[in-house]
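All of the numbers you see were taken from the coordinates with simple rules; none came from a lab. Computed from a predicted model, the values in this text were never measured in an experiment. Glycine gets a Cβ as well: all are built from the backbone with ideal geometry, and neighbour counts include every protein chain shown.
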């Protein structure tokens, strides 16, 4: 692959970046907006995700049907998502339809926010919240994250709550949009077969009148909790537990070691938690993960099984967590480094995945990192790096939550 990196900043502050490849068979574009659950006031929690939905409801010139049909007519693979950190709108398409696809993406980023659409979509959001309320993992995870970050915005629920969404008004959403969906808080990432200069000219024409924002996100690492709690729900018949602990930030090189450490501890296959809990029959599920965030990060460890055995499950998890530092072997390290490198290389063959990696990284760090540099950082991880991480970010110092059946129902 002959990949070339390009970057420019428009007069209004919007950043456009690209990894172009003349030999690619597809083209991809994504608008990454630094607007997520952490940026919301608590009383309007969920507005970022709600806004994601409203982008597809039409502009002053285009109806919802025209936007959706437009993507279909272009054969685009398009979608959007919202996280604690950002909101992304993206599409992949064959090169000859790229210009039209990019134009459609840019136009839909200025929604009409009609009251009638707002009222209709509010019901959709409330149904989505109800759907997730039926998922024991998400119920427990969201509660644990909320308690872990206490009053900080990182504890906000991406979907919001029934109360916050019900009370949210169209005018509150419009105010939030004007503050966050600004040129200097937006990164346009491109990848694949793309004429960068032509793409920049087109985006500049379409987005030149985007306003700039006032203020910046607070990225100082927040104070976190480490308490324990128990939820009871008459709809569940299994037991669930989760721990949330502090971890390296997304802009730290340690993020690679943190991700590898969590794979070693609780990856889906052949991890320490898998062998200690699932293969022994003590638990039905067991996993761990890492999420690098702006200015901080968090680990999670999770398991489910017989409610009467949750304490035993946690004791085994604690044993594995506390013994992790001294149980790391060179063979494990080499194997997991190879798996991480393979996953990165496979993703690099798809322009859509390259665009996502490029956009997320720049939005979070303001930097470009070639894939080759990322692979070198993965390959350079040592046992001492992992052991040092265990000492500086103790996984057992966590907010611990349990979800069990309600015996009274």
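Here the Gaussian network model covers the chain, with springs between Cα atoms less than 10 Å apart; of 325, 34, 220, 220 fluctuates the most. For the chain, the 222 nm mean residue ellipticity estimated from helices alone, with every DSSP H stretch of n ≥ 4 adding -39500 (n - 2.57) and the total spread over all residues, rounds to -13000 deg cm²/dmol. Give me log10 I(q)/I(0) at q = 0.23 Å⁻¹ for segment 236-341, Debye formula, one equal scatterer per alpha-carbon, no solvent. Each listed q maps to, in turn, -1.23. Full extension of the segment from residue 7 to residue 69, taken as 0.36 nm per residue of separation minus the current Cα-Cα distance, would add 19.2 nm.
Mind pulling the per residue volume of the convex hull built on the Cα atoms of segment 310-355? Å³ is fine.
Numbers: hull volume 5.3 nm³, N = 46.
Per-residue hull volume (Cα only) is 114 Å³.
Between residue 232 and residue 130, the modelled labels are 2.6 nm apart [label points 7 Å from Cα along Cα→Cβ]. Taking Cα atoms only, the orientation of helix 351-365 departs from the longest principal axis of the chain by about 80 degrees.
What is the fewest-to-most order of 186, 363, 161 by other Cβ atoms lying within 10 Å of their Cβ?
Listed from fewest to most nearby Cβ atoms, that is 161, 363, 186.
Each part reduced to its alpha carbon centroid, segment 338-409 and segment 1-59 end up 21 Å apart. In the elastic network of the chain, a GNM with C-alpha springs shorter than 10 Å, the most mobile of 177, 229, 118 is 229.
Using alpha carbons only, what's the Rg to Rh ratio of segment 1-44 with Rh from Kirkwood? Walk me through the intermediate numbers first.
On the way: Rg = 15.8 Å, Rh = 13.5 Å.
Using only Cα positions, Rg/Rh for segment 1-44 is 1.17.
Helix 196-207 axis versus longest C-alpha principal axis of the chain: approximately 80°, rounded to the nearest ten. Suppose a student asked you for the relative contact order of the chain, using Cα pairs under 8 Å spaced at least 6 residues apart; what percent would you report? Relative contact order comes out at 22 percent. Compute the Kirkwood hydrodynamic radius of the chain, taking the inverse of the mean of 1/r over all pairs of distinct Cα atoms, and give it in Å to one decimal. Over the chain, the inverse of the mean reciprocal pair distance is 22.8 Å.
Taking the longest Cα principal axis of the chain as reference, the axis of helix 254-266 is set at about 50 degrees.
I need the shape label for segment 281-372. Rule: rounded when a/c is under 1.5, else prolate if a/b > b/c, else oblate, with a, b, c from the alpha carbon gyration tensor. In terms of gyration-tensor shape, prolate.
For segment 4-207, the spherically averaged projection of the C-alpha convex hull amounts to 12.0 nm². Placing a pseudo-label 7 Å from each Cα along the Cα-to-Cβ vector at residue 83 and residue 268 gives an inter-label distance of 1.8 nm. Packing, taken as the mean count of other beta carbons within 10 Å per residue, orders the peptides 100-109, 242-251, 71-80 from highest to lowest as 242-251, 100-109, 71-80. The spacing between segment 221-274 and segment 103-170, judged by their C-alpha centroids, is 23 Å. Note on the chain: with a GNM built from Cα contacts shorter than 10 Å, the maximum mean-square fluctuation among 25, 277, 190 falls on 25. On a per residue basis, the convex hull of the C-alpha atoms belonging to segment 228-405 measures out at 129 Å³. In terms of other Cβ atoms within 10 Å, 314, 138, 210 run from fewest to most in the order 138, 314, 210.
By count of other Cβ within 10 Å, fewest leading, how are 301, 236 ordered? Let's see the in-between values first.
Values: 301 26, 236 19.
By the 10 Å Cβ count, ascending: 236, 301.
Projecting the alpha carbon convex hull of segment 85-159 along each direction and taking the average yields 7.5 nm².
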